[in-house]
Number of protein chains: 2
Amino acid sequence: MAAPRLRRSQKERSEQTRSALLDAAIALIHEKGLAGTSTSDMAEAAGVSRGALTHHFKSREDLIAAAVEHMLLIAIEELRTFTKGFIAQNGSSDDIVDFLWDLMNRRLFIVTIEIMLEARHNPAFLDTVRPVVREWHQALDNIWNQLADRYGVEPEFARALMNGTLCLIRGMIAQSIIRVDPAYYAGLLDFWKRDVRAQLAGDKPGTVIPLGSAPRVAR
Amino acid sequence: MAAPRLRRSQKERSEQTRSALLDAAIALIHEKGLAGTSTSDMAEAAGVSRGALTHHFKSREDLIAAAVEHMLLIAIEELRTFTKGFIAQNGSSDDIVDFLWDLMNRRLFIVTIEIMLEARHNPAFLDTVRPVVREWHQALDNIWNQLADRYGVEPEFARALMNGTLCLIRGMIAQSIIRVDPAYYAGLLDFWKRDVRAQLAGDKPGTVIPLGSAPRVAR
DNA sequence: ACTTAAAAACCGTCATGCTTGTTTGTTTTA
DNA sequence: TAAAACAAACAAGCATGACGGTTTTTAAGT
């Protein structure tokens, strides 16, 4: 944005500052943590005054909640786009695992865990974010069902498998905060992808066995 | 503690207040989050004055770090005790999964994730907690090795499997913050336990197949 | 087209409350 | 009597929400 347009409609002005604040909030929560992100920080990062912030959001918490909703709605959109492509191109379960890993690794996991930890002891905040989180899980269920269809397994089974995938990814990212070791995580993910493949092919016994990245030793 | 002993040695007094502060810190971090835990809170919860707190710890961060170390050392001790029992009683991989789930679910995961999120953007703090985290992982590796021995698989393989277990558990607890559904988590854990069993029995093809809790449908 | 009044967006200051670390004083033990 | 443990008051800083004032846009009205 070289030179801001000299004349913008009220709606444009409003939407632009609002949007800038939402983006800044997410970026700051990711970078400095929720507790380390003050309203002044957010206003400054968004390039607006603190007064503008208070004009658009009635409290800090209100802004945070809106920012999280904003982020999740975008993620849901990405997920839906991916799902369409997945169906169209006959994707494999590996693609889903990779996609979720990338998606969560950007900012999604860190920001959501910051939010969840706050929500854990702030019931009002929890109620605020609950609806959009529900929407997120519905979008996930949708792709799980597509997967079940594709591999001819029970939806229940696919859901368990994929929820497990998400949990594993969450846990891996959590660990990656202190243990920086891309190869380790890549290995773990490969391990899991093979496992998922085998699980989905479970009705064809012959193909199931070769899991795990390391050779086994006779007992 | 009805009536505090009227006469305690300096060492006793010191150790008692120190210990009370460490315990209070962990309890409060678990209950109200790291950011929501002030030095006044900790002193009050420990039943000592804030002056006593500042006498024993040179800063809030110093106390927090000591408390985390305290917590992890206890967890390491528990892990070692369990490992001994595991070997003595010829335990199964299920026992390990159950043990880790219980252990992490008490306070360990929530508190560590609070700490890790802080450490993520506070290098000095990260350096402080790193050594004890390393010790924790060494204790874990130890039990992984025992497991590998027991099932006659490559240590590398057992480590991958068990690190995956830990990641899964972490992710599950993270999700459990917003989704309260014990049956769901129990199911996921069963699912995983079966998978681990199959993986460890991987060199005996015939026994591998029946994973997953839901029946499969022909394609 | 031009003026003008209202509304919306925006800005900056102020008051309040909380937190931390410091410091000075008191009690308990050695 | 000295030192350690403990207690309480103090000072400085920061964050939030409130508030009064300013600029920009909109919508009439003529």
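For segment A:93-200, the direction-averaged projected area of the alpha-carbon convex hull comes to 7.1 nm².
Rg and Dmax over the alpha-carbon atoms of chain A stand at 21.1, 78 Å. Computed from Cα atoms, the angle from the helix A:10-32 axis to the main principal axis of chain A rounds to 50 degrees. Largest first, the residues B:Glu69, A:Glu15 sort by 1.4 Å accessible area into A:Glu15, B:Glu69. Position B:Arg50: other-copy label points at 2.3 nm, ordered by increasing distance, label point 7 Å along Cα→C-beta. In terms of overall dimensions, segment A:11-57 has a Cα radius of gyration and Dmax of 10.0, 31 angstrom.
A probe of 1.4 angstrom, applied to the heavy atoms of all protein chains, finds A:Asp149 with accessible area near 130 square angstrom.
Taking every alpha-carbon pair under 8 Å whose residues sit at least 6 apart, segment A:1-145 reaches a relative contact order of 26 percent.
With the label put 7 angstrom out from Cα along the Cα-to-Cβ vector, B:Glu15 ends up 6.8 nm from the copy partners, going from closest to farthest. Heavy-atom accessible area for A:Leu103, with the other protein chains in place and a 1.4 Å probe, reaches approximately 10 Å². The sum of -39500 (n - 2.57) across all DSSP H runs of n ≥ 4, divided by the residue count of chain B, sets its helix-only mean residue ellipticity at 222 nm to -24500 deg cm²/dmol.
Across peptide B:113-124, the average count of Cβ atoms from other chains found within 10 Å of a residue's Cβ is 4. For the protein assembly as shown, the Cα gyration tensor yields ellipsoid semi-axes of 38, 35, 17 Å (square root of five times each eigenvalue, largest first, whole Å).
The values are calculated or read from the model by the stated rules, or taken from the named source; none is laboratory data. All values reported here derive from a predicted model rather than from experimental measurement. In this analysis, Cβ positions are derived from the backbone assuming ideal geometry, glycine residues included, and neighbour counts consider all displayed protein chains. These area figures cover heavy atoms from the full protein model, side chains too; ligands, DNA and RNA do not enter into them. Shrake-Rupley method; radii C 1.70, N 1.55, O 1.52, S 1.80 Å.
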